[in-house]
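Input: a single structure, listed below in structure tokens.
What follows draws every value from the coordinates through simple rules; no lab data is involved. Model, not experiment: these values are computed from the prediction. Ideal geometry is used to build each Cβ from the backbone, glycine not excepted, and the neighbour counts take in all protein chains shown.
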Amino acid sequence: MASLKEVRARISSVTSTSKITSAMKLVSAAKLRRAQDAIVAFLPYKDKLSEMLGNFVASSTEELSMPLAAQRKAKRVAIVAIASNSSLCGAFNSNIVKRVRAEISSLQSSVEGIEVYAIGKKISQTFEKMGLTGEANYDNLVDTPDYDKTGELVDKLVQDFLEKKIDKVLLVYNHFKNTASQEVRCEQFLPVAAKTGKEELHSKDYILEPDANTVIGQLLPRVVRLNMYGAILDSIASEHGARTTAMQIATDNALDLLQELKLSYNKARQAAITNELIDIVSGSEGQK
């Protein structure tokens, strides 16, 4: 059995840990609220723009030119994986790693090459260990999401797609459902699949200037950028939700352990007092 001094040291250590995890939970909860506010402010614009694009495509009576929606056999595939720059967020990063590995395994037999784009230090480090070197460093996007910086990555992917250096782009990230639940998603980023919304065509009559191809040519790249930026915001909210839950669980476990340690300490203290009383009584009896 551990001595009273050792138990006291453990009680002090666990108490300090519980304070740290509790503080980290509060910080993550505050960051989660800001991330949710950013998503709430962003989604209506993104959804409306996507809806407009789909309606324009569906209502157009002329032949449309949409290079970003061109379907072709996928010989070279790019995977964009979004994780975090730090740990202590449960299975948030490991789930992304598992999904990326699964996608690579399923694609290796049917494609000529796979490129990876990592957003987040944790996934970047994993790619390096797997022997997959990223095209560039985009780790700062998960700490300070920036639409223009995101556009640089999207422009690179779009350029490679149009030049047929890559034929397909997959986007892997965590979708925020609630604080305790995040869903790993793997979506096709390029080529773009425009939602047509044909069920609403009878009530919509668009007049486009100068013409449909010009309008859609300006709108489609913006929608592509918004899709990437939206996935990053979604992943950031998922990260803070996962860390809030992980720190809450860690705090609860620390408090449970603290109760057990205090119980052990009290038992050991009572045993020590009892032994001292026995020694005193034995010594007293021996002097009679």
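3J(HN,Hα) couplings calculated from phi for the stretch 165-173 with the Karplus curve 6.51 cos²θ - 1.76 cosθ + 1.60 (θ = phi - 60°) are, in sequence order, 6, 10, 10, 7, 10, 10, 10, 10, 7 Hz; Gly and Pro show x.
At a threshold of 8 angstrom on Cα-Cα distance, excluding pairs fewer than six apart, so keeping six or more, what relative contact order does the chain reach in percent? Numbers along the way, then the final one.
On the way: 405 pairs, mean separation 94.7, N = 288.
Averaging sequence separation for qualifying contacts and normalising by length gives 33 percent for the chain.
Comparing Asn93, Asn137, Asn266 in a Gaussian network model of the chain, where Cα atoms under 10 Å apart are tied by springs, the biggest mean-square fluctuation is seen for Asn266.
When peptides 105-115, 81-91, 47-57 are sorted by average Cβ neighbour count within 10 Å, with the highest value leading, the order is 81-91, 47-57, 105-115. The Cα atoms of the stretch 1-147 give a gyration tensor whose axes a ≥ b ≥ c have a/c of 1.5 or more with a/b no greater than b/c, which makes the shape oblate.
If the only charges are +1 at each Lys and Arg Cβ and -1 at each Asp and Glu Cβ, what is the size of the charge dipole of the stretch 77-146 around the Cα centre, to the nearest 20 debye? Present the calculation step by step, with values, prior to reporting the outcome.
On the way: 6 positive and 8 negative charges, 78 e Å.
It comes to approximately 380 debye.
Residues whose amide H comes within less than 5 Å of that of Ile79, counting only those at least five positions distant or on another chain, are Glu115, Val116, Tyr117, Leu170 (H built at 1.01 Å from N in the peptide plane). Applying 1/(1 + (r/R0)^6) with r as the Cβ-Cβ distance of Ile20 and Ala41 and R0 = 35 angstrom yields a FRET efficiency of 0.65. Over the stretch 89-161, all Cα pairs binned in 10 Å intervals from 0 give whole-percent P(r) values of 17, 46, 34, 4, listed from short to long. Each Lys and Arg adds +1 at its Cβ and each Asp and Glu adds -1 at its Cβ; summed about the Cα centre, the chain shows a dipole of about 1040 debye.
Okay, helix-only estimate at 222 nm for the chain: each DSSP H run of n ≥ 4 adds -39500 (n - 2.57), divide by all residues, round to 500 deg cm²/dmol; what do you get? Can you show the working numbers first?
Numbers: 5 runs with 173 residues, N = 288.
About -22000 deg cm²/dmol.
Please work out how much length the chain gains when fully extended from Asp256 to Ile278, using 0.36 nm per residue of separation minus the C-alpha to C-alpha distance, in nm with one decimal. Walk me through the intermediate numbers first.
Numbers: separation 22, 0.36 × 22 = 7.92 nm, distance 3.31 nm.
Fully extending the segment from Asp256 to Ile278 adds 4.6 nm.
On full extension, the segment bounded by Lys267 and Asn137 gains 41.2 nm, given 0.36 nm per residue less the C-alpha separation.
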